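Visitor: I am attaching a structure below and will ask some questions about it afterwards.
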Amino acid sequence: MVAMTSRAPAPAARVLLTGFEPFGGDVHNPSIAAARDAVGILADRGVTAEAVELPCAFGAAGPALTAALDRVRPEVAIAVGLAGGTATVRVERVAVNLQDARIPDNAGEQPVDRPVRADGPAALFATLPAKRAVAAIREAGVAAEPSLSAGAFVCNHVMYSLLDGPGTARAAGFIHVPWDTEHRPTPDTPALPAADLARAVAEAALTALAGGPDLDVPGGTLH
């Protein structure tokens, strides 16, 4: 009779990374690709992480994010979104309680001057140490900067929802990435290699896991 051996349960993900589904007519979104690739980088560093794709829709993104947080219960949660037209990684510092979409989302919804949460605070600050994350990303050889505006589209909605949740992670924040050079829509579109985008997301997660205060240095740009 062969003895049965039991497998130890897989460790809970310490890091939750989210990215978005392709938007509009696009077939690729570098945000979810970077999140998924960062999971592998973190695994090589001994960190268990999970990547979750969110719908690019105001009504569906928040519930999908909440479900992922409830299931994973991570120490660190970083949402990633696409900022087309930029050639740097932007670590966002603040989300505003405003939905003001210049174009419809993937569900055809276009809220104008509506709050993310009717009785919520006007703004919420990332608990991810943004300036320290930027320093780590730059040290890894990737162009990055802190940002003071996540916009008013679905990216800001997700960042606000992430920071507003009662069961949110110890450190949470949002990163905007540019197009990756492998999938940019035109040869002139500003972009960075996909490997750099994944490295940036992983470095931000490792910085958050390390803990400690943010850097006391000036920084932050409105976009």
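Visitor: Kindly work out what percent of the DSSP beta bridges joining two residues of the chain are antiparallel, to the nearest 5.
Guide: On the way: 7 of 31 bridges.
Antiparallel: roughly 25 percent of the beta bridges in the chain.
Visitor: Can you work out ³J(HN,Hα) from phi for every residue in the stretch 86-96, in order, using Karplus 6.51 cos²θ - 1.76 cosθ + 1.60 and θ = phi - 60°, giving whole Hz and x for Gly and Pro?
Guide: 10, 10, 10, 7, 10, 8, 6, 9, 8, 10, 10
Visitor: While we're here: So how strong a dipole does the stretch 114-196 carry about its Cα centre when Lys and Arg Cβ are +1 and Asp and Glu Cβ are -1, to the nearest 20 debye? Numbers along the way, then the final one.
Guide: Working: 7 positive and 8 negative charges, 66 e Å.
Here the stretch 114-196 has a charge dipole of around 320 debye.
Visitor: Got a sec? Which residues in the stretch 22-39 would a label at ILE103 touch, if it sits 7 Å along Cα→Cβ and we count backbone N under 11 Å?
Guide: 23-26
Visitor: At most 15 other C-beta atoms within 10 Å and a DSSP loop state: those are the exposed GluC sites (Glu not before Pro) I care about. Give me the longest piece of the chain that has none. Don't skip to the answer; put the middle values down first.
Guide: Details: sites that count: GLU109, GLU182.
The answer is 1-108.
Visitor: Shifting gears a bit: Given (i) 1, 7, 14, 17, 18, 16, 12, 8, 4, 2, 0, 0, 0; (ii) 1, 7, 15, 20, 21, 16, 10, 4, 2, 1, 1, 1, 0, 0; (iii) 1, 7, 13, 15, 15, 14, 12, 11, 8, 4, 1, 0, 0 as candidate values of P(r) over Cα pairs in 5 Å bins from 0, in percent, which corresponds to the one derived from the coordinates?
Guide: Only one option fits the structure, namely (ii).
Visitor: Once the other residues with Cβ under 14 Å from the Cβ of ALA150 are scored (Lys, Arg +1; Asp, Glu -1), what is the net sum? Intermediate results must be reported in sequence, preceding the final value.
Guide: Numbers: positive: ARG90, ARG93; negative: GLU92, ASP100, GLU145, ASP164.
Residues close to ALA150 contribute a combined charge of -2.
Visitor: Where Lys and Arg each count +1 and Asp and Glu each count -1, what net charge lies around ARG36 among other residues with Cβ under 12 Å from its Cβ? If you can, show how the numbers build up before the last one.
Guide: Values: positive: none; negative: ASP37, GLU50, GLU53.
Net of charged neighbours comes to -3.
Visitor: Please check: in the Gaussian network model of the chain (C-alpha springs, under 10 Å), which one of LEU17, LEU209, LEU54 has the largest mean-square fluctuation.
Guide: LEU209
Visitor: Taking the Cβ of ALA101 as the center, what net charge do the other residues with Cβ under 14 Å away carry, scoring Lys and Arg +1 and Asp and Glu -1? It would help to have the intermediate numbers written out before the result.
Guide: Details: positive: ARG102, ARG114; negative: ASP100, ASP105, GLU109, ASP113.
With Lys, Arg at +1 and Asp, Glu at -1, the neighbours total -2.
Visitor: Which whole-number percentage describes the relative contact order of the chain, with Cα contacts under 8 Å and a sequence gap of 6 or more? Kindly include the intermediate steps, with their values, before the conclusion.
Guide: Values: 490 pairs, mean separation 60.8, N = 223.
Value for the chain: 27 percent.
No lab work stands behind these numbers, since they all come straight from the coordinates. Note that the coordinates shown come from a computational prediction; the quantities given were computed from them, not determined experimentally. We place every Cβ from the backbone using ideal geometry, glycine too, and count neighbours over all the protein chains shown.
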